[in-house]
Ligand SMILES: NC(=O)c1ccc[n+]([C@@H]2O[C@H](COP(=O)([O-])OP(=O)(O)OC[C@H]3O[C@@H](n4cnc5c(N)ncnc54)[C@H](OP(=O)(O)O)[C@@H]3O)[C@@H](O)[C@H]2O)c1
């Protein structure tokens with residue numbers, strides 16, 4: 001049974017299918033940008049993995065907060081992230097973002113590994129902040145660059161879901177559903193996610209949509 005502390009009304013502007021794809025990615029972006037980074041108007045943020053589930057929500061939220069948004073994505077996803085609002089797109093397979101972007105206020109990392117480590121070079125020394133969905137803070141890099149670093153553990157709760165739903169309704173926010181599977185094909189859905197690596201969410205349907 002669902003814990004009442006962790007549920008909220010769905011956004012009115014989304015279908016049930018779209019709303020099913022929102023909580024984890026939406027709350028992750030909300031925690032990072034609003035609660036941890038406290039992103040404000042005219043700040044510059046680099047969002048890694050902008051075409052992903054979390055990244056695509058983060059781009060929309062960052063633009064709503066008035067920030068300038070750089071993002072890393074593959075060339076196939078360039079138009080998609082631009083339509084979400086990205087101001088500058090770096091093709092992560094061909095370009096080194098740290099050679100192109102400088103003096104950023106914040107990095108939101110949904111990729112990890114070397115991408116995380118290289119991100120410290122993009123940030124303004126002494127005041128920049130990096131929030132990662134994957135990496136624990138690297139104290140050596142933090143002191144070398146004078147950067148605040150945080151690991152984010154997503155925690156979906158009623159308060160965050162309610163604020164998220166209001167933001168989605170007020171700003172025509174989009175959740176991209178790539179494909180749906182019936183619940184009894186959950187294993188197929190996992191294979192699809194792993195093999196095809198679609199842009200957008202894969203949603204399991206508990207009951208048929210009629
Ligand atoms: N800490 C937590 O509580 C928590 C909660 C939820 C999720 N997570 C983690 O957060 C990460 C992101 O989740 P998600 O749902 O957004 O994943 P996702 O939908 O799979 O998105 C990942 C995106 O990153 C892109 N990408 C891959 N390598 C890249 C690179 N080197 N540079 C830039 N972009 C790159 C992918 O593009 P391509 O299609 O080109 O590969 C894809 O668009 C996952 O690792 C997940 O496990 C952590």
> Any idea which of (1) free of Cβ contacts under 8 Å to residues at least 60 places away in the same chain; (2) within 17 Å of residue 133 (Cβ to Cβ); (3) more than 8 Å from the ligand (Cβ to nearest atom) is the one residue 72 doesn't satisfy?
Replying inline: (3)
>> Here is a list: 83, 140, 98. Which entry is surrounded by fewer than 19 Cβ atoms within 10 Å (Cβ to Cβ), within 13 Å of the ligand (Cβ to nearest atom) and part of a helix (DSSP H, G or I)?
In response: 98
>> Looking at (1) more than 19 Å from residue 19 (Cβ to Cβ); (2) outside any loop (DSSP other than H, G, I, E, B); (3) without any contact (Cβ under 8 Å) to a residue 40 or more places away in the chain; (4) touching a helix residue (DSSP H, G or I) at 6+ places or on another chain (Cβ under 7 Å), which one does residue 135 not meet, given that it meets all the others?
In response: (2)
> Considering the stretch 119-134 alone, what residues qualify as being more than 8 Å from the ligand (Cβ to nearest atom) and surrounded by fewer than 16 Cβ atoms within 10 Å (Cβ to Cβ)?
Replying inline: 125, 126, 127
> Exactly one of (1) surrounded by 16 or more Cβ atoms within 10 Å (Cβ to Cβ); (2) assigned to a loop (DSSP other than H, G, I, E, B); (3) within 11 Å of the ligand (Cβ to nearest atom); (4) over 15 Å from the mean Cα position of the chain (by Cα) is unmet by residue 51. Its number?
Replying inline: (4)
> Taking the stretch 144-162 as the region of interest, how many residues are surrounded by fewer than 16 Cβ atoms within 10 Å (Cβ to Cβ), outside the structural domain of residue 24 (by TED's automatic domain parsing) and in a helix (DSSP H, G or I)?
Replying inline: 3
> Which one is nearest to residue 177 (Cα to Cα) among residues in the stretch 22-48 that are at pLDDT 95 or above and assigned to a loop (DSSP other than H, G, I, E, B)?
Replying inline: 22
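The values are calculated or read from the model by the stated rules, or taken from the named source; none is laboratory data. Since we're looking at a predicted model, the values are computed, not measured. No Cβ is skipped: glycine too gets one built from the backbone with ideal geometry, and neighbour counts run over all protein chains shown.
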